[in-house]
Amino acid sequence: MAIDDVLAGLDPYDLMDAEAARIEAYAGTLDAAGWAAPSRCVGWSRHDLLAHLDATEEYFHAGLAGTVGELFARYAAAGVTDLHAANAQGVAARADIADGELLTQWSAAAAETRAGMRARDGGEVDTSVGAYPTRWQAFHIAGELAIHADDLGAPVAEDEAAARLAWRTRFSCFALAETKPGSEATIVDDHLVRVHTVDGADHELDAATFVAAVAARLPADASIDDDLRAALSTMP
């Protein structure tokens, strides 16, 4: 069984479109106070979070152009040597961009990424680990957009919540298997996931908790110990 079998039947490009549209629609309703309000990302306002999204588009565009190595070389020349430093630099560089201008800038860049990914379906893009299937990268971007839509506080309509959780659960199974070889997650039903972790332990989690754990978005008071949090998180 291939690790991406769980993704069969899903269109990552449509998922990217839907989550980008969710962010655009919600961010477009924010006033100055809303932009300045804290996001779910510790230490980041909503403006900071949009700045981060805009900064990541540089990486996605480099992936489509085959120039990720050159991008990382520019980071290194600027003293940026790890992901956290790159994230901080990307946010700081956009601190003075007006809220609406930042949203417009990110929306255009993200649309270019999505179009490029869709056109490259079946091929590969450049990434930090080298050539990588475009379709898999599109799923990762869709997953990241969904996480950050939630970080912003963007609403999810009641009639789409179940389908959204379902695809995110399937993607989380894939991401865990890819990131943590030896781990395996099996969807038992719409609400339950059975997880086998690399330490040989078995666990059952509700789907929403599983998705949050894989995305490193579990609340502090979640009834999951630190070892299991670490075993399930796919975030650096």
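The values are calculated or read from the model by the stated rules, or taken from the named source; none is laboratory data. These numbers come from a predicted model, not from an experiment. All Cβ positions, glycine included, derive from the backbone under ideal geometry; neighbour counts span all protein chains shown.
Scanning the range 27-59 for residues that are touching a strand residue (DSSP E or B) at 6+ places or on another chain (Cβ under 8 Å), touching a residue at least 12 places away in the same chain (Cβ under 8 Å) and farther than 15 Å from residue 98 by Cα yields 39, 44.
Highlighted here are the strands (runs of 3 or more DSSP E) found entirely within the range 127-233 that include at least 2 residues which are in the same structural domain as residue 52 (by TED's automatic domain parsing): 130-133.
Of the set (1) surrounded by 17 or more Cβ atoms within 10 Å (Cβ to Cβ); (2) closer than 20 Å to residue 19 by Cβ, all apply to residue 153 but (1).
Residues that are within 21 Å of residue 149 (Cβ to Cβ), touching a residue at least 12 places away in the same chain (Cβ under 8 Å) and either of a type outside the set (Val, Ile, Thr) or assigned to a loop (DSSP other than H, G, I, E, B) (or both) within the range 62-101 comprise 83, 87, 90, 94, 97, 99, listed in sequence order. Considering only residues in the range 196-212 that are touching a helix residue (DSSP H, G or I) at 6+ places or on another chain (Cβ under 8 Å) and closer than 22 Å to residue 10 by Cα, the one that is surrounded by the most Cβ atoms within 10 Å (Cβ to Cβ) turns out to be 211.
Picking from residues in the range 30-64 that are touching a Leu at 6+ places or on another chain (Cβ under 9 Å) and of a type in the set (Ser, Thr, Tyr), the one that is nearest to residue 131 (Cα to Cα) is 59.
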